[in-house]
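Report on the structure given below.
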């Protein structure tokens, strides 16, 4: 997803829906897969780390489970 966002192919919101919202909906989990009041959400905050050669990878900065930071 991050490469698609970086290339300008999709927005971050579209990517989140593509990989989370659509997957949850496909298996009938209507109470998750998106960040919205009244839904269940675990969130991973990432940042882009660039290496000297120009390559980049997403790096996890924090993890939230049921609204509480756990890592």
Taking region 41-52 and the residues there that are more than 18 Å from residue 4 (Cβ to Cβ) and at pLDDT 85 or above, the one that is surrounded by the fewest Cβ atoms within 10 Å (Cβ to Cβ) would be 52
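Residues are listed down the side, and each one gets a yes or a no for (1) at positive phi; (2) in a strand (DSSP E or B); (3) out of contact with any helix residue (DSSP H, G or I) (no Cβ under 9 Å at 6 or more places or on another chain):
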| residue | (1), (2), (3) |
| --- | --- |
| 5 | no, no, no |
| 9 | no, no, no |
| 16 | no, no, yes |
| 24 | no, no, yes |
| 36 | no, no, yes |
| 43 | no, yes, yes |
| 47 | no, yes, yes |
| 59 | no, yes, yes |
| 64 | no, yes, yes |
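The values are calculated or read from the model by the stated rules, or taken from the named source; none is laboratory data. Just so it is clear, the structure is predicted and the values come from calculations on it, not from any experiment. Neighbour counts are summed over all protein chains in view; Cβ atoms, including those assigned to glycine, are modelled from backbone coordinates with ideal geometry.
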